[in-house]
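Single-structure report; data block below.
The values are calculated or read from the model by the stated rules, or taken from the named source; none is laboratory data. What you see is a predicted model; the values in this text were computed from it and never measured. Using ideal geometry, Cβ is built from the backbone for each residue, glycine included, and neighbour counts are taken over all protein chains shown. Protein only, heavy atoms only, side chains kept; ligands, DNA and RNA dropped before computing areas. Shrake-Rupley method; radii C 1.70, N 1.55, O 1.52, S 1.80 Å.
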Amino acid sequence: MSSFKLAIATCTERPQLIPSEQYLLSQLPERGIEAIPVIWNDTTVAWTDFDGVLIRTIWDYHKHIDAFRSWIDQLAQTGLIVGNSIDVLGWNAHKYYLEELAQKGITIPPTLFVRQGSELLELTIPWSSFIVKPAVSATAYQTFRLTAATYQEQLPQLKEIGRQKDLLIQQFIPSISEQGEYSLMFFGKKFSHAVLKTAQAGEYRVQAEFGGSYLQIEPEDALIRFAEGVLGMVSSPCLYARVDLVVYQDKPMLMELELIEPELFLTTDTTRERFIAAISGYFLRKR
């Protein structure tokens, strides 16, 4: 049987993937999959030369959202197998999916969903500390932690962002600084592994770019059940998923559901083999 030719979509800053995922290029061929890193927004790529596309480190898509949406529309027209699927990518790219999940009973931070062009001066924000971020964003891009006083100071910049984008204003949840944020990884909606991400002193952002660190952990069953409940709200299959949550007032709270390009913290042979198996099953079963 001929090899399945798989494009692994990445970005210009990670042309050969991140170090923890470069093993895919050598190990997937052992499963009959020829894996080739491809820059997602390289307009010279002939996507129909491939049998499938694995979406991975397209870490700049939020800065080129119109191009991203055009690209996934293009992939849909080719009929290629895409993981995660086109409908999942389109839905997850805009953080108002949180509003939909909240309406279905998933606990999220108290949130104001502010449509593009809304008058920010007219808003009454009921929290002493809060986060403002675009609905299309990643890695804390254009994200602010504010108080009533600093909100006024940042208002000109926020208004400029709000003229171009939908926004979320969320109550700041102190446990993200005090305890950290849990990330639970799933392959095929089956729990694989988890990490606890913590911010450096004086910081609230847990990403490595801002000095954050992480530790692999065994999460409590209640956290796994909560994350499974979140994924259960997604009707389409998911090759991979990362559920980011905090524990607030002794209960889990969803921060983000990452279905496009999440870091999957593949730090052990076991987790790497699980991802390989998930990729093989997803693409070869659909062939």
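Things worth noting here:
- Residue, nearest to Leu259 (Cα to Cα), within region 71-104, restricted to residues that are part of a loop (DSSP other than H, G, I, E, B) and in contact (Cβ under 8 Å) with a residue 60 or more places away in the chain: Asn84
- Selection status of Tyr248, closer than 20 Å to Trp91 by Cα and among the aromatic types (Phe, Trp, Tyr): no
- Verdict on Ser175 being touching a Lys or Arg at 6+ places or on another chain (Cβ under 7 Å), at pLDDT 90 or above and not aliphatic (A, V, I, L, M): no
- Residue check for Thr48: surrounded by fewer than 18 Cβ atoms within 10 Å (Cβ to Cβ), part of a helix (DSSP H, G or I) and of a type in the set (Val, Ile, Thr): yes
- Condition check for Val38: open to solvent by less than 70 Å² (accessible area, probe 1.4 Å), under 19 Å from Lys5 (Cβ atoms) and assigned to a strand (DSSP E or B): yes
- Sole residue being open to solvent by 10 Å² or more (accessible area, probe 1.4 Å), in contact (Cβ under 8 Å) with a residue 60 or more places away in the chain and over 21 Å from Phe283 (Cβ atoms), chosen from Pro19, Pro15, Pro110: Pro110
- One residue alone among Tyr141, Tyr96 is in contact with an Asp or Glu (Cβ under 8 Å, 6 or more places away or on another chain) and at negative phi, and that residue is Tyr96.
- Qualifying positions in region 191-218 - open to solvent by 70 Å² or more (accessible area, probe 1.4 Å), at pLDDT 70 or above and within 17 Å of the chain's Cα centre (by Cα): Tyr214
- When we screen Gln157, Gln152, Gln170, Gln142 for residues that are polar (S, T, N, Q) and closer than 13 Å to Met255 by Cα, the only hit is Gln170.
- Residue count for region 51-69, restricted to those that are free of Cβ contacts under 8 Å to residues at least 12 places away in the same chain and not in a helix (DSSP H, G or I): 0
- Selection of region 86-136 for residues being under 25 Å from Leu231 (Cα atoms) and hydroxyl-bearing (Ser, Thr, Tyr) yields Tyr96, Tyr97, Thr107, Thr111.
- Any hit, region 116-131, residues being in contact with a Gly (Cβ under 7 Å, 6 or more places away or on another chain), touching a residue at least 12 places away in the same chain (Cβ under 8 Å) and surrounded by 15 or more Cβ atoms within 10 Å (Cβ to Cβ): yes
- Test result for Gln74, touching a helix residue (DSSP H, G or I) at 6+ places or on another chain (Cβ under 8 Å) and open to solvent by 60 Å² or more (accessible area, probe 1.4 Å): yes
- Screening Tyr141 on (1) crowded, with 16+ Cβ neighbours inside 10 Å; (2) within 21 Å of Arg163 (Cα to Cα); (3) among the aromatic types (Phe, Trp, Tyr) shows it passes everything except condition (1).
- Within region 233-282, restricting attention to residues that are of a type in the set (Asp, Glu) and without any contact (Cβ under 8 Å) to a residue 40 or more places away in the chain, the residue that is most open to solvent (accessible area, probe 1.4 Å) is Asp250.
- Flag if Ala227 is free of Cβ contacts under 8 Å to residues at least 60 places away in the same chain, farther than 20 Å from Ile33 by Cα and crowded, with 20+ Cβ neighbours inside 10 Å: yes
- Hey, Asp269 charged (D, E, K, R) and modelled with pLDDT under 95 or not: no
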